[in-house]
Every structure is written in C-alpha cells, then in structure tokens.
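Below is one structure; the comments refer to it alone.
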Amino acid sequence: MKKVFLLLLILFVLGCGSSARKEEEKKGSMNVDQIADNFLQNLTSSNYKEFSRDFTKDLLEKYPEKTYLEFSKEVKEKLGKLNAAQFDHEHKGTTSFEKAYSLDFENDKSALIHIAFKVENEKNIKINAFHFESKIFAKPGEKEGHPLEIPKEADGIILNILTAYNKGDYPSYTKDFTDNFKSKITEDVFKLYRQEWLGLIGEFKTYKALRAYEKNKDVYVIYQAEFTEEEIVEIEMVLDLFAKKHKNEDKKEQSSISLPKVKRFNLQSPKIKQNNKFVSDTLRSIGTNLQQNFDSKKYADFSKDFLPNFKNAYNQQKFQNEYKQVTSKLGKWNSLKYSKRKKTSEGYVVTYKCEFEKDSNATLRVKTEIKDKKFFINEIFFSSDLLTTKK
C-alpha cells in the first residue's frame, strides 16, 4: 500500500512539474506575442517610447527616435493604414530567434516584417533587430531595395559554398564567384578566414533562405544558418544576374540569362561580431599607445607591445633616431585614425591614417603577431611624401 501511495505521489509531483513547465512555456510564448503585438501596433503611431519599450540596448542606439519618426511617417504616407498583422513563420534558436509577420496595409497587402528576439535571461526577452519588406517601401537604409523571389539557382550555390567550406575545398568554394571576387578571395585568404571561422562558429550544419531583394541591379539573398558552435549565423550572398544578347537565325536579338555569379559573401553572428570588435578595439588601442608615447618620447611605454626580437632591432637608439627624423620632416603628430587591416597567417597588418603638422596624409603601418590571444608588434613603418625613405 505504501509503495502504491509513493508511486502516486511521485506521479503527482512529476505531473505538477510538467504542468508548471508548460505554464512557463506558455507564459514565455505569450510574452513574445505581447512584445510583437505592441511593436506592430506602434509601427506608425509616432509613439517612440511604446514602440521601443522592448528594444535591446544595442537596438536603441542603432534606432533612435529621429530615425523612427522618419520611418513611421514614410510608411504611413506610402502604405496607408495597417489593417492587420498575421504570424507567418519562425526561425528558432536558444539564445535568439526570429518571427516573421505578414502585414496588410491599405496600399500593400503583401508587406512582411521580420522581428529578431534576443533571450537575455529566462524572464527577459528583447527585440534585437527588425527588417521591413514592401514592394512599395524598401526596408530602412535600403531605399533602392525591392523584395523579390529568391532565385532558384541560389539554393545550389549556397549549399556548394558551405559544403566546400566544411571540406576546405577552395576550387569548389569559389567556382561560382565572379572573377573580381575570386581575385580578392585567394586560396591563402580562404584558408585564413576558414581557420578563424572554424574556431569561432565551427562547421556548417543547416541553412534556411529568409528573403531576397534587388539593389543596384544586384540580388541580395539573406540566409539563416546553423553551425556546430553557433546556432544562428546570418549569411548575405550578393548575386550578379545579367543578360547576354545574341542573334538567332532570323537575326533578331534575344536575351538569355546566364547563371548568377557571387559578387560578395558575408557571414555574421554574435561570435564573429564579438571577435571583430575585439580585434578592432585592440588595434585601435595599439595605435593610440604608439602615438601618445611617441609624442612624449617614452620608449618603455612606446615599445610595451613589441616582440622581444623586434624590440632588440627597434631599440631606444633607433626610437630616438626615428623620432628625430619624423618630427623634423613632418612636425608634430596631431592625430591618428584606425583605417584598415589585413589578416595574415601570424596576425594582422594594420594601417593608420596620421595627421602631422606638415602632412595630413601620412600613414603608419603596423604588423602584428598573435600569441595566446595577445597582440604583439613585429614591424612599424611611417610613410609620407616628405620622408625620403619609402617602402
């Protein structure tokens, strides 16, 4: 009898736990629906406070009130009143996910909006991004973008690229690239970025096509992919679709569409963004340190990021000679701006734009090497038309 009672008690507790979990899941779902409803209701209300109440901190910074008011006004003028919004589809993830809603406006019955949600903790879900599509009104920031159907050839192209990425197969990876894009993505560049991406997001698993739009005669196709180390990776593939004219037997011009070629291919995810920010911030900091301690002639601080071998070559005497030559020809070093970087097998080569008293177009090139996630300098070089030595 006791065993039966204990069994019933266990089943009761498990049942309560299951019910509680279902209730929590239901609450979570309702919370997301309420957030989406409030967002959509205030899409054209001109009430920024309500419209943005569930935004992440990042989205609030990217989408201030002025931007919203301009967007809201333009939507109302071009599309008219929003009559209805209906859930269309969802792309799931653990820490972030996306829901799409079809929108029925007076002047556009087939508009669509994608809302990206970020799960900050168990009880806190925020809107992290949104994308608006309409045949009449392009999404914010892309006035020339026009939503269109995803080209049928795109599926085979994206699958081939991602499969080749997993295998490290450069010829297959680039076989659908334009000549210009392929010249930029050399085999060495492919290997460098593949190594970086494998360490950040892992290998490709699955993908879904989200949307496509035309801009400046190119077709942009947006995908959401899952990798082994990152659940949601957004991919932008830019296709060049063009027509070639030829004459048939009747000498009449006809056009035949060639297979689309890839003009650009970008991966973006939280881990990639975080890594890019870390690299940019670190390189900016290195440049700032060099300028500040060059001006004050503090060699110890100026050389704090040098590799030992480079420090031996660029010793205090070399520093003093460099300071004398640069300042005598260029004058005081007024400012430094992080300009561009190039990835190498050891680290990065970064170029800074420098403004001196006598030359506002000088540059400083710094070669870095990464060891144990720390950046070290193994080459620096000043360049200016006023300096006699050029490299």
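The values are calculated or read from the model by the stated rules, or taken from the named source; none is laboratory data. Computed from a predicted model, the values in this text were never measured in an experiment. Neighbour counts run over all protein chains shown; Cβ positions are idealised from the backbone, glycine included. Heads up: the accessible areas ignore ligands, DNA and RNA and are worked out on the full protein's heavy atoms, side chains in. Shrake-Rupley method; radii C 1.70, N 1.55, O 1.52, S 1.80 Å.
For the range 156-249, take the convex hull of the Cα atoms, compute a quarter of its surface area, and give me that in nm², please. List each step's numbers first, then the result.
Details: hull surface 30.9 nm².
It is 7.7 nm².
Which of the pairs Lys273/Lys311; Lys324/Lys358; Lys81/Lys217 have their Cα atoms more than 25 Å apart in this structure?
In this structure, Lys273/Lys311; Lys81/Lys217 exceed 25 Å between Cα atoms.
So if each residue of separation counts as 0.36 nm, and I subtract the Cα-Cα distance between Leu148 and Gln292, what length gain in nm does that give?
46.7 nm
By how many nm would the segment from Lys62 to Ser360 grow when fully extended, if each residue of separation counts as 0.36 nm and the alpha-carbon distance is taken off?
104.1 nm
Output the pairs from Lys62/Lys175; Lys184/Lys340; Lys118/Lys208; Lys304/Lys373 with a Cα-Cα distance over 25 Å in this structure; if there are none, say none.
Numbers: Lys62/Lys175 37 Å; Lys184/Lys340 15 Å; Lys118/Lys208 19 Å; Lys304/Lys373 16 Å.
Among Lys62/Lys175; Lys184/Lys340; Lys118/Lys208; Lys304/Lys373, the Cα-Cα distance tops 25 Å for Lys62/Lys175.
Could you tell me the accessible area of Leu386 in Å² (1.4 Å probe, neighbours in place), rounded to the nearest ten?
For Leu386, the solvent-accessible surface is approximately 80 Å².
Give the ranking of Phe227, Phe381 by solvent-accessible surface, highest area first, calculated with a 1.4 Å probe.
Largest to smallest exposure gives the sequence Phe381, Phe227.
On the full set of protein chains, 1.4 Å probe, figure out the accessible area of Asp281 and give it in Å² to the nearest 10.
Probe radius 1.4 Å; accessible area of Asp281 about 70 Å².
Report the net charge of residues surrounding Phe302, where surrounding means a beta-carbon distance below 13 angstrom and charges are Lys +1, Arg +1, Asp -1, Glu -1.
Its environment carries a net charge of +1.
Any chance you could run the full-extension gain for Ala300 through Thr344? It's 0.36 nm times the residue separation minus the Cα-Cα distance, nm to one decimal. Could the numbers behind the result be given before it?
Working: separation 44, 0.36 × 44 = 15.84 nm, distance 2.71 nm.
Difference between extended and current length: 13.1 nm.
Using a 1.4 Å probe on the protein heavy atoms, what percent of the accessible area of the range 144-199 belongs to carbon and sulfur?
Heavy-atom surface of the range 144-199 belonging to carbon and sulfur, 1.4 Å probe: 50 percent.
Using 7 Å Cα-to-Cβ label points, what is the Leu159/Lys184 separation (nm, one decimal)?
2.7
Pairwise over distinct Cα atoms, reciprocal of the mean inverse distance: report the Kirkwood radius of the range 344-391 in Å, one decimal place.
In the range 344-391 this quantity evaluates to 11.8 Å.
How do Glu355, Glu153, Glu70 rank by accessible surface area computed with a 1.4 Å probe, from largest to smallest?
Glu70, Glu355, Glu153
For the pair Lys324 and Glu74, what calculated FRET efficiency results from E = 1/(1 + (r/R0)^6), where r is the Cβ-Cβ distance and R0 = 41 Å, to the nearest 0.05?
0.10
In the range 303-346, carbon and sulfur make up what percent of the accessible area (probe 1.4 Å)?
About 44 percent, which is the carbon plus sulfur part of the accessible surface.
Could you rank Glu229, Glu236, Glu50 by how accessible they are, 1.4 Å probe, largest area first?
Sorted descending by solvent-accessible area, the residues read Glu229, Glu50, Glu236.
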